[in-house]
1. Counting only C-alpha contacts under 8 Å and six or more residues apart, can you give the relative contact order of the range A:4-122 as a whole percent?
2. Which links in A:Lys12/B:Lys234; A:Lys12/A:Lys100; A:Lys100/B:Lys44; A:Lys143/B:Lys130; B:Lys52/B:Lys130; A:Lys77/A:Lys143 stretch past 28 Å when you go from one Cα to the other?
3. Under 1.5 on a/c is rounded, so check that first for the range B:1-67, then, if it is not, pick prolate when a/b is larger than b/c and oblate when it is not; a ≥ b ≥ c are the square roots of the alpha carbon gyration tensor eigenvalues.
4. Non-local amide H neighbours of A:Val15 (under 5 Å, H modeled in plane, Pro and chain starts lacking H): which ones?
5. So which trypsin sites (Lys or Arg not before Pro) in the range B:160-244 pass both tests, a DSSP loop state and at most 15 other Cβ atoms within 10 Å of the Cβ?
6. With springs only between Cα atoms under 10 Å apart, run a GNM on chain B and tell me which of B:Val155, B:Val50, B:Val34 wobbles the most.
7. Given an 8 Å cut-off on Cα distances and at least 6 residues of separation, report the relative contact order of chain B as a percent.
8. Could you derive backbone 3J(HN,Hα) for the range B:238-243 from the dihedral phi with the Karplus parameters 6.51, -1.76 and 1.60 (θ = phi - 60°), listing whole Hz in sequence and x where the residue is Gly or Pro?
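Please treat every number below as a calculation from the coordinates, not as lab data. Note that this is a predicted model, so its numbers are computed, not measured. Methodologically, a virtual Cβ is constructed for each residue, glycine included, from the backbone with ideal geometry; neighbour enumeration extends over all protein chains shown.
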Amino acid sequence: MGDAGENLLARKRVVLLAGDAQRRQLIDEHPEAVLVSESLPLRANLSVLENITVVLQFRTNTYIGEANDSAWTLLSKVGHTACAERRDPDLSYEERFVAKLLRAIVLAPPLVLIDRPAQMLPDTNYPYFLNKLLLALEGRFEKCWILDYEWNAPLYNSRA
Amino acid sequence: MSALHAWLNLRGRGFSDWLSAWGRVFGFVMTALVGVLSPSTYNKATRVVVQKQIYFTAWQILPGFAFFAALFSILIIEIVGSTARKYGLYEQGLELLIRILVLEILPLMTALFIALRTGAAINTEVALMKIQNELDAMQRIGIDPLRLELLPRVVGGTVSVLALTAVNIVVALWLTQLLIIDFHPWTLTTGDFTRMIGKVLDLPALIVLWSKTLAFGFAVTVIPISEGLNTPQKLFHAPISVLRGMVRLFFSLMVIEAAALTIVYV
């Protein structure tokens, strides 16, 4: 395993939960965390690029060109520039998830919580997909916890 | 007796709901006023939304709407002008034109058009944002939806109503000059026309006109936003929200117009 892979191991954690109450409690206990969740959609009338850009523009008062460049760099890192100009209804599950994740990490938050990835990636081998994605974004976040239910634990052990 | 009690109960609950809905609208009006006047509301992201709102509300429709307002103005000028000519009441006709067309009809017509076009769109968009949890999602990533999505629409919408009204008034005054003074050999001169404008559009009239237009602009954005924000998170409530917002907006525009008329003429 390379350096990037070892770094990711240190930063990524799969939190296996017994039920919804435990999930809610964990989210409430970490108000500093940025949540990536099915229940927190993208802005429907903004493109993927704008959804990422607007966070930078609003929170750091960045110029639009500069914010666009940062958002584009992130999309390039994960290989999803093709969906940059598309809006939420025209995105695949994977593209939508990538947009939500990039929107969440664009300001390098201390903790990213990926809430029940199975809901957001129903047609994907998501443990593998997440690993690949987070590896590509290495260094853009402090910690990332994947919140999933105990009964999905075997999925994370597979080598696929 | 119990039927009467049930009926009164139903009416009372309806009245209470109506009252609390207006209470929410006024609550949001106050929040919006404070937000719009606060410099901390504005940054690079919010300014982009203001620009987009002005583009979609005013700039995009400017040629078509100005043309329609011009045709409408020609119609009114011709009706009033020909009647005045028949009875020799040139000056009164001119005064009536400026009072009715410039001070009353054009500002109200502009506000109603923007209410139908932009107000309905804003109401629908905010209701859908509420229903689909987009507002909450923005808050979770550290974006204040009031500052980014709602207040810029209020500013953009209000500026658009003011700008379109101003354009329509200038076009109407120019057409009045053209049709009444230049094309018809009346006894009135350009000097009479200028004096009449000065007489009718004096400072108090101008203050009332622009205060009323400002209130129209504020209403056509604030009421739909407030109604959208109060939509329950169920998709089938979206059309109900727009319906209520538009009725409330129409009622408010009429109240503003009536209040302005009362100030000027009573």
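1. 37 percent
2. Over 28 Å Cα-Cα: A:Lys12/B:Lys234; A:Lys143/B:Lys130.
3. It comes out oblate by the Cα gyration axes.
4. Counting only residues 5 or more places away or on other chains, the set is A:Ile146, A:Leu147, A:Asp148.
5. Answer in residue order: B:Lys234.
6. B:Val34
7. Relative contact order of chain B: 31 percent.
8. Result, ordered by residue: 4, x, 5, 4, 5, 4 Hz.
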